[in-house]
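The values are calculated or read from the model by the stated rules, or taken from the named source; none is laboratory data. Note that this is a predicted model, so its numbers are computed, not measured. Neighbour counts run over all protein chains shown; Cβ positions are idealised from the backbone, glycine included.
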Amino acid sequence: MKVKAKFKNDITKVRVLAKHPMETGRRINKETGEKIPAKYIQELTCEYDGKVVFVAQFGTAVSQNPYLAFSFEGGKKGYTLELRWNDNTGDVEKTEAKIK
Amino acid sequence: MAISRRKFLNMLTVGSTACLALMTPITSWAAWASDAFNAEKPEDAYKSLFGSNELIESDEVKLKVPKIAENGGAVPVSVKTDMKNVESISIFVKDNPQPLTATFQIPVGTIADISTRIRLAQTSTVTAVIKADGNLYSKSQEVKVTIGGCGG
């Protein structure tokens with residue numbers, strides 16, 4: 001997951017690009033004729049300074065490689081954001097991003 | 001009583017598996033709204049997610065989506081508002097197999113302004129719902145899709 005966090009005018013703006021297929025479970029593999037099992041991110045959270053600043057819950061209709069942008073008040077240059085997502089199959093990815 | 005080497009190793013493995021078992025449930029601390037996401041009608045999704053389907057149409061909810069989307073697989077959506085005490089922002093696509101697309105919790109200090117990209121199976125109305133002060137405010141717009149985003 002790629003994260004960019006920028007602090008300006010007392011606000012930290014965060015942009016996230018999570019690499020994920022976001023399979024809906026409705027697509028059919030053209031070669032085998034079988035349904036491709038669902039695999040999609042269900043939840044993405046962002047913490048700053050031990051506090052949850054953002055929680056996103058996704059269904060299957062969020063695009064492949066989900067993009068998210070949000071902002072919160074405060075933050076500090078050089079400090080770290082902690083992000084994580086988990087998908088419906090139990091996969092988890094965690095990452096840290098420095099506020100610039 | 002002396003502990004045999006075998007017994008000691010057994011104790012180690014049992015201990016560590018118990019630790020793992022305790023650690024795994026942390027994967028989801030706020031329950032994913034499965035009933036709302038699985039609902040097939042917007043009204044059912046509203047009811048399940050908010051406990052109510054009484055939406056108040058409001059221009060205070062600023063929904064930005066293209067009128068025409070060439071590719072239904074990635075339609076940019078932005079929702080923002082100047083309203084106070086915003087608790088959550090949710091996005092619904094009326095004619096998708098499952099209308100609830102995403103819901104965002106807005107804790108105190110987080111700004112009610114989000115952007116993401118969503119899929120539209122076909123031309124449909126997109127509705128943003130903002131929960132603020134316990135009320136549900138909504139804004140809808142139709143998006144024409146030339147290539148669907150959920151096809152096989």
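For segment A:76-86, name all the residues that are facing another protein chain (nearest Cβ under 10 Å) and either at pLDDT below 95 or under 7 Å from residue A:98 (Cα atoms) (or both).
Of all residues in segment A:76-86, those facing another protein chain (nearest Cβ under 10 Å) come to A:84, A:86.
Of everything in segment A:76-86, nothing turns out to be facing another protein chain (nearest Cβ under 10 Å) and either at pLDDT below 95 or under 7 Å from residue A:98 (Cα atoms) (or both).
Scan segment A:46-63 for residues that are at negative phi, more than 7 Å from chain B (Cβ to nearest Cβ) and surrounded by fewer than 20 Cβ atoms within 10 Å (Cβ to Cβ) and report the count. Let's see the steps before the verdict.
From segment A:46-63, those at negative phi are A:46-48, A:51-63; that's our starting set.
The next check asks that each one be more than 7 Å from chain B (Cβ to nearest Cβ); those that pass are A:46-48, A:51.
Okay, now just the ones that are also surrounded by fewer than 20 Cβ atoms within 10 Å (Cβ to Cβ), so A:47, A:51.
Going through segment A:46-63 one residue at a time, the tally reaches 2.
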| note | Subset of segment A:6-28, residues charged (D, E, K, R) and either outside any loop (DSSP other than H, G, I, E, B) or facing chain B (nearest Cβ under 9 Å) (or both), comes to A:6, A:8, A:13, A:15, A:23, A:26, A:27
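For segment A:7-21, give me each residue that is surrounded by fewer than 11 Cβ atoms within 10 Å (Cβ to Cβ) and touching a residue at least 24 places away in the same chain (Cβ under 8 Å). Let's see the steps before the verdict.
Just the residues of segment A:7-21 that are surrounded by fewer than 11 Cβ atoms within 10 Å (Cβ to Cβ), to begin with: A:9-10, A:19.
Within segment A:7-21, A:10, A:19 meet the criteria.
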| field | Unique match (being among the aromatic types (Phe, Trp, Tyr) and farther than 27 Å from residue B:97 by Cβ) among A:7, A:58 | value | A:7
| task | Only residues in segment B:50-78 that are closer than 11 Å to residue B:137 by Cβ count as the first member; pair them with residues that are part of a strand (DSSP E or B) and of a type in the set (Phe, Trp, Tyr), Cβ under 7 angstrom, at least 6 apart or cross-chain, and list the lot. | result | B:56/B:137; B:58/B:137; B:60/B:137; B:61/B:137
| task | Taking the options B:103, B:127, name whichever one is touching a Ser or Thr at 6+ places or on another chain (Cβ under 8 Å), of a type in the set (Ser, Thr, Tyr), assigned to a strand (DSSP E or B) and over 18 Å from residue B:59 (Cβ atoms). | result | B:103
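Residue by residue through segment A:53-79, note down the ones that are over 20 Å from residue B:80 (Cβ atoms), in contact (Cβ under 8 Å) with a residue 24 or more places away in the chain and either outside any loop (DSSP other than H, G, I, E, B) or not aliphatic (A, V, I, L, M) (or both). Steps first, answer last, please.
Filtering segment A:53-79 down to residues over 20 Å from residue B:80 (Cβ atoms) leaves A:59-61, A:64-65, A:76-79.
Subsequent filtering for residues that are in contact (Cβ under 8 Å) with a residue 24 or more places away in the chain retains A:60-61, A:64-65, A:76-77, A:79.
Of everything in segment A:53-79, those that are over 20 Å from residue B:80 (Cβ atoms), in contact (Cβ under 8 Å) with a residue 24 or more places away in the chain and either outside any loop (DSSP other than H, G, I, E, B) or not aliphatic (A, V, I, L, M) (or both) turn out to be A:60, A:64, A:65, A:76, A:77, A:79.
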| field | Test result for residue B:74, within 9 Å of chain A (Cβ to nearest Cβ), of a type in the set (A, V, I, L, M), farther than 27 Å from residue A:53 by Cα and surrounded by fewer than 23 Cβ atoms within 10 Å (Cβ to Cβ) | value | no
| task | Answer yes or no as to whether residue A:31 is acidic (Asp, Glu) and part of a strand (DSSP E or B). | result | no
